[in-house]
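Colleague: Here it is, the structure, as structure tokens.
The values are calculated or read from the model by the stated rules, or taken from the named source; none is laboratory data. Quantities reported herein were computed from a predicted structural model and do not represent experimental measurements. Cβ placement follows ideal geometry from the backbone for every residue including glycine, while neighbour counts extend to all protein chains displayed.
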Amino acid sequence: MSAPDFYFAVNAIFRHIHDCYGRESLIAYWRGLGEEYYRRRVERWKAGGPQALAADWREYFAAEPQAEVEVAVADGGVELDVKVCPAIKHLRDQGREIVPYFCEHCDHVGGAMAEAAGYRFQRQGGSGSCRQQFLPSPPIKESD
């Protein structure tokens, strides 16, 4: 992205979809981004495993203005320690009202991406700093 004013549009799009079409439509939009728009990123994650997933997030956040994020590979997955979320910081610095469900987009976009790549996603925190994990999905047990 690398253009912080883009966050104004993101925040407005989330509000518009939520207010005009409802929460379920917003979640469907987010999941669609993860499943369709980011398909090539997910393919790289699947092909390269946790190292590729970590490299992708390092590259992504290196281009995001004011982001402070540490990325680590651990236990077959990847952890993002988002100390300063660039979107939240920019919106706050510019005095914008942030939709209260803004951070949920990471749950649904990241969750859809994780699932497509064979991981599961979880997030703790929000509102400007959080911890996100892409954890290996447990193998599916075959029934007898």
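Colleague: Please specify each residue of the stretch 99-123 satisfying the condition of being more than 12 Å from the chain's Cα centre (by Cα), farther than 22 Å from Asn11 by Cα and not charged (D, E, K, R).
Modeller: Hits for the stretch 99-123 are Ala116, Ala117, Gly118, Tyr119.
Colleague: For the structure I just gave you, tell me whether Glu59 is at pLDDT 95 or above, within 17 Å of the chain's Cα centre (by Cα) and under 21 Å from Leu80 (Cα atoms).
Modeller: On the way: at pLDDT 95 or above: yes; within 17 Å of the chain's Cα centre (by Cα): yes; under 21 Å from Leu80 (Cα atoms): yes.
So Glu59 fits the description; yes.
Colleague: (1) within 27 Å of Val78 (Cα to Cα); (2) surrounded by 12 or more Cβ atoms within 10 Å (Cβ to Cβ); (3) not β-branched (Val, Ile, Thr): which one isn't true of Glu36, the others all being true?
Modeller: The one condition Glu36 does not meet is (2).
Colleague: A follow-up question, please. For the subset of the stretch 118-144 comprising residues that are loosely packed, with under 10 Cβ neighbours inside 10 Å and assigned to a loop (DSSP other than H, G, I, E, B), which member is modelled with the lowest pLDDT?
Modeller: The extreme case among them is Asp144.
Table: residues versus (1) within 20 Å of Asn11 (Cα to Cα); (2) free of Cβ contacts under 8 Å to residues at least 40 places away in the same chain; (3) hydroxyl-bearing (Ser, Thr, Tyr); (4) not in a helix (DSSP H, G or I).
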| site | (1), (2), (3), (4) |
| --- | --- |
| Ile27 | yes, no, no, no |
| Arg31 | yes, no, no, no |
| Gln51 | no, yes, no, no |
| Ala54 | no, yes, no, no |
| Tyr60 | yes, yes, yes, no |
| Glu64 | yes, no, no, yes |
| Glu70 | no, yes, no, yes |
| Val78 | no, no, no, yes |
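Colleague: Could you please find all residues in the stretch 52-91 being charged (D, E, K, R), touching a strand residue (DSSP E or B) at 6+ places or on another chain (Cβ under 6 Å) and under 10 Å from Gly128 (Cα atoms)?
Modeller: Lys83
Colleague: Please work out which residue is nearest to Val109 (Cα to Cα), limiting yourself to the stretch 1-22 and to residues that are hydroxyl-bearing (Ser, Thr, Tyr) and in contact (Cβ under 8 Å) with a residue 40 or more places away in the chain. Before you say what the answer is, go through the steps one by one.
Modeller: Start the filter on the stretch 1-22 by keeping residues that are hydroxyl-bearing (Ser, Thr, Tyr), which leaves 2, 7, 21.
Next, only the ones that are in contact (Cβ under 8 Å) with a residue 40 or more places away in the chain stay: 2, 7.
Values: Ser2: 19, Tyr7: 16 Å.
Selected residue: Tyr7.
Colleague: Could I ask something else about it? Considering only the stretch 81-94, I want to know if a residue exists there that is closer than 20 Å to Ala12 by Cβ, part of a loop (DSSP other than H, G, I, E, B) and touching a Ser or Thr at 6+ places or on another chain (Cβ under 9 Å).
Modeller: There is at least one residue in the stretch 81-94 that is closer than 20 Å to Ala12 by Cβ, part of a loop (DSSP other than H, G, I, E, B) and touching a Ser or Thr at 6+ places or on another chain (Cβ under 9 Å).
Colleague: Which residues, taken from the stretch 40-56, are loosely packed, with under 12 Cβ neighbours inside 10 Å and more than 21 Å from Asp81 (Cβ to Cβ)?
Modeller: Correct list: Arg40, Ala47.
Colleague: Those residues that are in contact with an Asp or Glu (Cβ under 7 Å, 6 or more places away or on another chain) and not basic (Lys, Arg), I need them from the stretch 73-120; list them, please.
Modeller: Correct list: Asp81, Val84, Pro86, Ala112, Ala116.
Colleague: What number of residues within the stretch 69-111 are of a type in the set (Gly, Ala, Ser) and crowded, with 18+ Cβ neighbours inside 10 Å?
Modeller: So the answer is 4.
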